[in-house]
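Bear in mind these aren't lab numbers, they're just calculated from the coordinates by the rules spelled out. Predicted model, so just to flag it, every value in this text is computed and none were measured. Heads up, the Cβs are rebuilt from the backbone with ideal geometry, glycines too, and the neighbour counts pull from every protein chain shown.
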Amino acid sequence: MSLLEILNLDGLSENSDISPLLDDELALHQVEIDLKYEGYLKRQEDMIAKLEKYEDHVIPLTLNYLEMKSLSAESKEKLQRYKPRSIGQASRIPGVTPSDISVLLIYLKR
């Protein structure tokens, strides 16, 4: 259902404040797109904020990932090889899962 149809159903299309919008097909289409994707965009913004926070979370260079029992074998190997400087860097290493990042965060808080 389009935005125009919804506005017509509610009788809002007769509102003098909305009338100019109804005449501008491009603006109406843009509002419709913004409404459809609002949830996705919000989720993406939240994810960006979370990842930026991870960039500030420093990992000591001396950390021995091989001793961490809760990490997957693949993650232990990759983290030990690349020695990321932050949780953000660690999360971008292929093969390091979100659960492994959670384990790292818990370990670093101790």
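Report ³J(HN,Hα) in whole Hz for each residue of the stretch 84-94, in order, from the Karplus equation J = 6.51 cos²θ - 1.76 cosθ + 1.60 where θ = phi - 60°; Gly and Pro get x.
Result, ordered by residue: x, 8, 9, 5, x, 5, 4, 5, 8, 7, x Hz.
Which net charge results for the neighbourhood of residue 105, defined as the other residues with beta-carbon distances under 12 angstrom from its beta-carbon, given Lys and Arg at +1 and Asp and Glu at -1?
+3
If R₀ is 41 angstrom, what is the calculated FRET efficiency for the pair residue 53 and residue 73, using the beta carbon separation as r and rounding to 0.05?
0.90
Keeping to pairs on different chains or 8 or more places apart, tell me how many lysine pairs in the chain have Cα atoms under 27 Å apart.
The result is 19.
For the stretch 24-40 and the stretch 46-110, what is the separation of their Cα centres, given in Å?
38 Å
Could you state the orientation-averaged shadow area of the convex hull built on the Cα atoms of the stretch 17-91, in nm² to one decimal? Working shown, then result.
Details: hull surface 31.7 nm².
For the stretch 17-91, averaging the hull's shadow over all directions gives 7.9 nm².
Considering the options 6, 27, 48, tell which one lies farthest towards the positive end of the dipole of the chain, charges being +1 on Lys and Arg and -1 on Asp and Glu at the Cβ, about the Cα centre.
Result: 48.
For residue 44, what is the net charge nearby, where nearby means another residue's Cβ is under 12 Å from its Cβ and Lys, Arg count +1, Asp, Glu -1?
0
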